[in-house]
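**Q** Here it is, the structure, as structure tokens.
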Amino acid sequence: MFSMRNDGLVLLQQIENKHLLKALIRQLNKDVALSGLNFELKEEASAKEVVAELQSHLYSMISDDFGSYLNFLYRVDIPEKKIKSIDETDTRLIVQIVTQLVLEREWQKVWFKSKNR
């Protein structure tokens with residue numbers, strides 16, 4: 001259904017190599033819960049499963065509940081400027097780009113927390 005751009009795969013490999021995938025999933029789940037959304041990613045999931053599930057939920061939010069989608073992006077702290085700069089009209093491509101942005105931002109949070117311990 002969806003795929004990940006090359007830079008997304010590189011990011012996920014870095015996360016797996018640093019053994020921080022579970023921390024990334026916990027951070028995603030925290031932001032999902034704080035956004036009032038009703039889904040949770042499994043901590044045992046592989047990086048590819050996380051991407052596929054996140055893309056599926058983002059696609060559903062864009063299609064069915066745009067307000068929740070915007071609230072989630074706000075909670076994750078994706079700059080509005082980045083969202084507005086997406087020059088696509090195909091929802092599937094938008095979801096791929098937004099997934100990348102979400103994962104990058106969540107990774108920043110996890111990496112920063114791991115460095116401050």
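Every number in this text was worked out from the coordinates using simple rules, so none of it is lab data. Only a predicted model underlies this, so the values are computations on that prediction, with no experimental measurement involved. Note that each Cβ is placed from the backbone with ideal geometry, even for glycine, and that neighbours are counted across all protein chains shown.
**Q** Test of understanding: what is the full-extension gain from Glu40 to Asp90, defined as 0.36 nm times their sequence separation minus their Cα-Cα distance?
**A** 15.4 nm
**Q** Over region 6-115, calculate the relative contact order: mean separation of alpha carbon pairs under 8 Å at least 6 apart, over the residue count, as a percent.
**A** With pairs under 8 Å counted, the relative contact order is 32 percent.
**Q** Loop only by DSSP, 13 or fewer other Cβ within 10 Å of the Cβ. Give me the trypsin sites (Lys or Arg not before Pro) in region 33-115 that pass, ordered by residue number.
**A** In loop regions of region 33-115 (DSSP not H, G, I, E or B), the sparsely surrounded trypsin sites (Lys or Arg not before Pro) are Lys42.
**Q** Send over the semi-axes of region 6-115's equivalent ellipsoid, whole angstrom and largest first, taken as the square roots of 5 times the C-alpha gyration tensor eigenvalues.
**A** 21, 15, 14
**Q** Are there GluC sites (Glu not before Pro) in region 15-66 that DSSP marks as loop and that have at most 10 other Cβ atoms within 10 Å, and which are they?
**A** Glu44
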